[in-house]
Amino acid sequence: MEFSHPKGTYDLIPFASDPKDRWRSSYLWHHVEKFIKDCCALYGVKEIRTPIFEKKELFCRSVGQDTDIVSKEMYEFQDRAGRDMVLRPEGTAAVSRAYVEEKLYISNPIQKLYYIGPMFRYERPQSGRYRQHIQFGAEFIGSNAAEVDVEAIDLLYTLYSNLGLKGLKVQINSVGDAKARSEFRQALKDYLAPFAQNLSADSQTRLEKNPLRILDSKDLNDQKILENAPALENYLSAECKEHFARVLFLLKQLNIPYIINPKLVRGLDYYHRTVFEITAGELGAQNSVAGGGRYDGLIKTLGGPDLPAVGFATGLERVIQTLIAQNAPIPNKPTTDLFLIGMGDIAKETCFLLMKELRTANISVEMDFSSKKIKDLFRMADQLGAKYTAVIGDNELLNKKIAIKDMASRTETTVPLDQVVHFFHKAQ
Ligand code: HAM
């Protein structure tokens, strides 16, 4: 019986040589994760890790019963005690749950938290869309200042810039408060009712339960019908308008380019006021590289204090695929400093001990323990990208000296066995 990975998932492997799979090379993920951790440290954002499964009810209450994520895309199961559980489809609800449960607000209501981990959505797999994807997300809980909305966007924008991503577009909108959304929802429903039969099948389904999502329909006929639809901005309260204006002002101050997209509503119910998405040309308009926004009521809904919050999440598959597509500066595959070849049992033992001595001195070394031919061993050294090789045989054992070959210049240096660490420290 042959096994393959579940549909919509993938393996990360040390080095994927096929260009279309290069994003699945784990060393590229380490590169991006290091940038994320450095950037979070710079912005004072601390790591939080929550379980990958949670009670189903958590997401029904926060993301919303009628959203695509909750109604169609969750991996649901009953545990052995019959509890309804899900593999988490997103991180905001889980982090908010942990914030409330751990009473993080007692020491300081303002908490800046980040996570990197898998999320699960039963979506139709396609390029850039997976059933298990990895998100880097950050949640800034406890402040309603427009500065914090911009701090979150700035962190993400700085991260992308540091990584070398180009052609980024921040699309931004305000979805106002609950009152504005409920009035607008009704107005939109009233406007769309006479066109109901002409809407796409998806939009017809959404008309009753989630009409706001019709706004970001990609169907051309839907878009035409929407041309004269009521505008959400006309329903915003003075406070929401003022907040949004300040966010835009601060983005300008930080030189973060943005486009106001009045149709941007996002597919999760918890949003309040600011919402945003970031796209990168190469992925196509449907595939945002990041999304986020303010969710002021959520902490209270989950039983915590009435505290505001704002955050974002970005799919790392899309980030890494875009870096590759844009020829951004990504590191070369990692190499080893030295590949040791021992000719005969005693030489192999000497190599083994030398390898340990060098590794203790922080020098990366590899050797092979099978009885491969010397030609194959050099091929192995090549595959590992060894910077140096050294062959130890009877002569080397007798003279206690080895010839270290620089694989790039093809030059050799003879070094006493007890000076090899010194040689590499000098070479580094
Ligand atoms: P989201 O827009 O659903 O927001 O997802 C955030 C990002 O995750 C997307 O922009 C995309 O890069 C990536 N993503 C989502 N679904 C998939 C998928 N099936 N395959 C690959 N990548 C995917 C949220 O999840 C919110 N929790 C973001 C947030 C945090 N809002 C406030 N705080």
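The values are calculated or read from the model by the stated rules, or taken from the named source; none is laboratory data. Model, not experiment: these values are computed from the prediction. Using ideal geometry, Cβ is built from the backbone for each residue, glycine included, and neighbour counts are taken over all protein chains shown. Keep in mind that these areas ignore ligands, DNA and RNA; they rest on the heavy atoms of the full protein, side chains included. Shrake-Rupley method; radii C 1.70, N 1.55, O 1.52, S 1.80 Å.
Things worth noting here:
- Qualifying residues in the stretch 36-84 (those that are open to solvent by 80 Å² or more (accessible area, probe 1.4 Å) and at pLDDT below 95) - the one nearest to Ser203 (Cα to Cα): Lys72
- The stretch 147-203 - residue that is in a loop (DSSP other than H, G, I, E, B) and over 18 Å from Phe276 (Cβ atoms) and, of those, most open to solvent (accessible area, probe 1.4 Å): Lys166
- Checked against the criterion of being open to solvent by 40 Å² or more (accessible area, probe 1.4 Å) and either within 12 Å of the ligand (Cβ to nearest atom) or assigned to a strand (DSSP E or B) (or both), the stretch 285-296 contains one or more residues that satisfy it.
- Filter result for Arg80 (more than 12 Å from the ligand (Cβ to nearest atom) and more than 29 Å from Lys46 (Cβ to Cβ)): yes
- Screening the stretch 127-146 for residues that are of a type in the set (A, V, I, L, M, F, W, C) and not in a strand (DSSP E or B) and picking the one that is least open to solvent (accessible area, probe 1.4 Å) gives Ala146.
- Candidates are the residues of the stretch 109-126 that are in a loop (DSSP other than H, G, I, E, B) and either free of Cβ contacts under 8 Å to residues at least 24 places away in the same chain or buried (at least 20 other Cβ atoms within 10 Å of the Cβ) (or both); the one that is farthest from the ligand (Cβ to nearest atom) is Arg124.
- Residue match in the stretch 257-272 (condition: at pLDDT 95 or above, within 14 Å of the ligand (Cβ to nearest atom), within 17 Å of the chain's Cα centre (by Cα) and crowded, with 19+ Cβ neighbours inside 10 Å): no
- Annotation note: of Val365, Val415, Val391, the sole residue that is of a type outside the set (S, T, N, Q) and touching a Leu at 6+ places or on another chain (Cβ under 7 Å) is Val365.
- Residue in the stretch 333-355 that is in contact with a Gly (Cβ under 6 Å, 6 or more places away or on another chain), open to solvent by 20 Å² or more (accessible area, probe 1.4 Å) and farther than 27 Å from Pro19 by Cα present: yes
- Residue within the stretch 300-323 that is surrounded by 13 or more Cβ atoms within 10 Å (Cβ to Cβ) and free of Cβ contacts under 8 Å to residues at least 40 places away in the same chain present: yes
- Any hit, the stretch 300-323, residues being more than 12 Å from the ligand (Cβ to nearest atom) and more than 27 Å from Ala93 (Cβ to Cβ): yes
- Asp418 being without any contact (Cβ under 8 Å) to a residue 40 or more places away in the chain, within 44 Å of the chain's Cα centre (by Cα) and not in a loop (DSSP other than H, G, I, E, B): no
- Ala381 part of a loop (DSSP other than H, G, I, E, B), crowded, with 17+ Cβ neighbours inside 10 Å and touching a Ser or Thr at 6+ places or on another chain (Cβ under 7 Å): no
- Per-region count, the stretch 213-254, residues open to solvent by 70 Å² or more (accessible area, probe 1.4 Å) and not in a loop (DSSP other than H, G, I, E, B): 14
- Condition met for Thr413 (over 28 Å from Ser26 (Cα atoms), at pLDDT 95 or above and open to solvent by 40 Å² or more (accessible area, probe 1.4 Å)): yes
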